[in-house]
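The values are calculated or read from the model by the stated rules, or taken from the named source; none is laboratory data. This structure is a prediction, so every number in the text was calculated from the model and none was measured. Quick reminder, even Gly has a Cβ in these numbers, built from the backbone with ideal geometry, and neighbours come from all protein chains shown. For the accessible areas, the whole protein counts, side chains as well, though only heavy atoms, and no ligand, DNA or RNA atoms are used. Shrake-Rupley method; radii C 1.70, N 1.55, O 1.52, S 1.80 Å.
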Amino acid sequence: MAALARLLQALHCNVVRFTAGAPIIRCLPPGGTQTRSFPPPSADCRWTSSTMATSLLGKRFYSTEAKGDEELHVRYLEGEDQGILVLGLNRPHSKNAISKSLLKTMLKTLDSLKSDKKVRTVILRSEVPGIFCAADLPMPTIAVLDGIALGGGLEMALACDIIVAASSAKMGLVETKLAIIPGAGGTQRLPRAIGVALAKELIFSARVLDGEEAKAVGLVSHVVEQNDAGDAAYRKAVSLAREFIPQGPVAIRMAKLAINQGIEVDLATGLAIEEACYGQVIPTKDRIEGLLAFKEKRPPRYKGE
């Protein structure tokens, strides 16, 4: 449980996908996307034929084959979506329950991402139809609920900065049905998200909410009608991530740090934290680039430096 809590803390600082649709990994065609898997894929892992390709958001993403024995898939998107990293959970035999090996792999992967300046937003998704599962990254994290996220699945989503859900998604902290309590941050993050009284009501009753109900109580930021492909929330998450990518990456990291740290203290201390974070962006090359781009009336080219 301590290791799972560490994982969720690591996520608390990208995009998590809980999908009800087919387990298809969408990314750019050959030559446009770097792909890494843990464990490494076998040599016969290849792109699907054009007849299997599935268009997404202007036909920029295509389906790739995933080996069934890989528990965590890591894919980098490029082109217009460069800077977006997709992590895919793939344990269909156990409905994405977090095993020790998966937990170890995820922790190792998340630790490596902290210093990766090329990654600006992370999407954590499920590649198991209808299931998500039975962290302290400095870049934005988005949880995408296209299917079911109960117990630990919702706790993982709560560890992210933003949650996007399909109207048909199901979510809840249901541990009291098993005579236990949420033990991976749920009793702490849910009250911070929706308020103490309502969080108590939901945990005491083990109530399961759909996307619309979750939006009404403030648990999710966006709710969208599910589509035939079962990836409506994922599409919305990618759309949000695209809004983040053009902005200064150092500034976004410092803004996130200021918000996360400041919300836990009194206003005076929070303002001091904000001032300290502001001081971190002043000497950056990105700040100079931003001023120069504004002066020259062109889009800035930030490098995270």
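Points worth noting:
- For the condition modelled with pLDDT under 90 and basic (Lys, Arg), Lys297 does not qualify.
- For Leu173: the one exception among (1) touching a Gly at 6+ places or on another chain (Cβ under 8 Å); (2) surrounded by fewer than 24 Cβ atoms within 10 Å (Cβ to Cβ); (3) over 14 Å from Ala233 (Cβ atoms); (4) at pLDDT 90 or above: (2)
Residues checked against (1) surrounded by fewer than 20 Cβ atoms within 10 Å (Cβ to Cβ); (2) small (Gly, Ala, Ser):
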{"residue": "Ser205", "(1), (2)": "yes, yes"}
{"residue": "Gly218", "(1), (2)": "yes, yes"}
{"residue": "Val223", "(1), (2)": "no, no"}
{"residue": "Ala233", "(1), (2)": "no, yes"}
{"residue": "Arg242", "(1), (2)": "yes, no"}
{"residue": "Ala255", "(1), (2)": "yes, yes"}
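- Taking the stretch 149-170 as the range and being open to solvent by less than 30 Å² (accessible area, probe 1.4 Å) and among the aliphatic types (A, V, I, L, M) as the test, the residues that pass are Ala149, Leu154, Met156, Ala157, Leu158, Ala159, Ile163, Val164, Ala165, Ala166, Ala169.
- Single match in Ala199, Ala214 (criterion: outside any loop (DSSP other than H, G, I, E, B), farther than 26 Å from His73 by Cα and touching a Pro at 6+ places or on another chain (Cβ under 8 Å)): Ala199
- Residues located in the stretch 261-297, provided they are among the acidic types (Asp, Glu), surrounded by 10 or more Cβ atoms within 10 Å (Cβ to Cβ) and either over 28 Å from the mean Cα position of the chain (by Cα) or in a helix (DSSP H, G or I) (or both): Glu274, Glu275, Asp286, Glu289
- Glu305 being in a helix (DSSP H, G or I), of a type outside the set (Lys, Arg) and open to solvent by 60 Å² or more (accessible area, probe 1.4 Å): no
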